[in-house]
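Working notes for the structure below.
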Amino acid sequence: YYRMGRYEEAEPLLVSVLEERQRLFPADHPEVADAIEELGLNQFDQGDFDRAEQYLRESLALRRSIYGEEPHPDLVENVNNLALVLMEAGDFQESEALFEEAQAKNQLLYGNSHPSLANGLNNFGMLYRAQGDLDKAADAYGNALEMNRELYGDNHPEVAYVMTNLAFISYDLGDLDAAIESCREALVIQRKVLGEEHPEVAVTMSTLGRWLNENGDVAEAEYMLREALAINLRLLPADHPDVAMVQLGLAELLSGKSKNDEALALIQPAVATLADAYGEHWIVAHASSIEGGVLAGLGEYGRAETLLRDSFETLENDEGARPVYVAAARQRLVDLYAATGQQEKAATL
């Protein structure tokens, strides 16, 4: 169910696992901690960060009572998972402290070079990027890439994964050409080692398609996005969040080509999927902004204005929202005001 994106259906099964383990084992047994942690990750997948944090703190407290300060791999993984949830929720200070704890324990376990240490460096890169410190993020990602290449060689999925993260740094810095080039290199590796029919290939193609569209390479962008969508629909349920993310990019591209009817057929189920998966999250507001732009293109200005105004306000006030998405949402709202003769409102944005 997790791999299919059916997170709500997975939850009662995980609850049953926890109840059974609590019946079979002592309360402070590692199997109980594992079941609690899995429930926390399930809540994270469903977009409920509060409940995810609650479960992960509970499992971590249990593991600390079992292992103490011993650098046990399960304890370290739990620390990392809680840090990732807190990072997504915007609690950067505690997240960083937990990432540092996990990295220190991994060094005690594995020395100075190990996949877990490379993953830790990647986590720091994500944290620094979320905080807007792109220089530190680039350094962390660069060190993770170097370690992964030493561990795996040049042609490995982990190498490609960190390369795509570095591509996002180039993108954030405004170097779209460098971002596209790094993304292409990562895609070559993924296709070589994973084959064409793989979700990670689809994710990279989707990212590349969005960036090519921004760069004006609309024909290649559309090809990438349609291929990514086709791969995902062959591998995943139609209401999987990864499907929705490709639908967003393709809908935005088609709206730019004035193909708003097809764009609307893509964006509306995408918004519904993301809202179900993540609740009140900025990525849902980003999707709603694209939907508003599509409706404006169809001349449905009343519905469009409500969506565009509300989604822009959400994005502007959410520290986790990517600046490029905030800027795009603002521009869609400005364009609508210009099209409807409301220049005085446009001037306030």
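In table form, for the structure just shown:
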item	result
Residue among Leu253, Leu274 that alone is in a helix (DSSP H, G or I) and closer than 16 Å to Gln46 by Cα	Leu274
Matching residues in region 190-200 - criterion: being in a helix (DSSP H, G or I) and surrounded by fewer than 22 Cβ atoms within 10 Å (Cβ to Cβ)	Arg191, Lys192, Val193, Leu194, Pro199, Glu200
Matching residues, region 306-349, being of a type in the set (S, T, N, Q), part of a helix (DSSP H, G or I), open to solvent by less than 70 Å² (accessible area, probe 1.4 Å) and over 26 Å from Asp172 (Cα atoms)	Thr306
Hits in region 317-349 (condition: at pLDDT 90 or above and hydroxyl-bearing (Ser, Thr, Tyr))	Tyr325, Tyr337, Thr340
Qualifying position, being in contact (Cβ under 8 Å) with a residue 60 or more places away in the chain and among the polar types (S, T, N, Q), among Gln22, Gln46	Gln46
Check on Asn155, polar (S, T, N, Q) and more than 18 Å from the chain's Cα centre (by Cα)	yes
Residues within region 152-181 that are surrounded by fewer than 20 Cβ atoms within 10 Å (Cβ to Cβ), part of a helix (DSSP H, G or I) and small (Gly, Ala, Ser), tallied	1
Subset tally (residues that are part of a helix (DSSP H, G or I) and within 18 Å of Asp45 (Cβ to Cβ)) for region 277-298	6
Number of positions in region 97-123 that are within 20 Å of Asp45 (Cβ to Cβ) and of a type outside the set (A, V, I, L, M)	3
Complete set of residues in region 292-305 that are free of Cβ contacts under 8 Å to residues at least 40 places away in the same chain and surrounded by 15 or more Cβ atoms within 10 Å (Cβ to Cβ)	Leu295, Leu298, Glu300, Tyr301, Ala304, Glu305
Residue check, Gly302 over 30 Å from Arg3 (Cβ atoms) and either outside any helix (DSSP H, G or I) or out of contact with any helix residue (DSSP H, G or I) (no Cβ under 6 Å at 6 or more places or on another chain) (or both)	yes
Residues that are assigned to a loop (DSSP other than H, G, I, E, B) and either open to solvent by less than 20 Å² (accessible area, probe 1.4 Å) or more than 25 Å from Gly90 (Cβ to Cβ) (or both), drawn from region 48-71	Gly68, Glu69, Glu70, Pro71
Arg149 in a helix (DSSP H, G or I), more than 30 Å from Tyr110 (Cα to Cα) and open to solvent by 70 Å² or more (accessible area, probe 1.4 Å)	no
Residue identified as of a type outside the set (Val, Ile, Thr) and at pLDDT 95 or above among Glu291, Glu200, Glu280	Glu291
Residues located in region 81-96, provided they are in contact (Cβ under 8 Å) with a residue 40 or more places away in the chain, over 15 Å from Gly47 (Cβ atoms) and open to solvent by 20 Å² or more (accessible area, probe 1.4 Å)	Asn81
Counted residues, region 225-242 - those being free of Cβ contacts under 8 Å to residues at least 40 places away in the same chain and either surrounded by fewer than 24 Cβ atoms within 10 Å (Cβ to Cβ) or assigned to a loop (DSSP other than H, G, I, E, B) (or both)	9
Criterion violated by Gly111 - all others in (1) open to solvent by less than 80 Å² (accessible area, probe 1.4 Å); (2) closer than 27 Å to Ala321 by Cβ; (3) of a type outside the set (Val, Ile, Thr) satisfied	(2)
Residue among Asn106, Asn119, Asn123 that alone is open to solvent by 20 Å² or more (accessible area, probe 1.4 Å), at pLDDT 95 or above and assigned to a helix (DSSP H, G or I)	Asn119
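The values are calculated or read from the model by the stated rules, or taken from the named source; none is laboratory data. In this text the structure is predicted, and so the values were computed from the model without any measurement. Using ideal geometry, Cβ is built from the backbone for each residue, glycine included, and neighbour counts are taken over all protein chains shown. Surface accessibility is based on the protein's heavy atoms, side chains included, excluding ligands, DNA and RNA. Shrake-Rupley method; radii C 1.70, N 1.55, O 1.52, S 1.80 Å.
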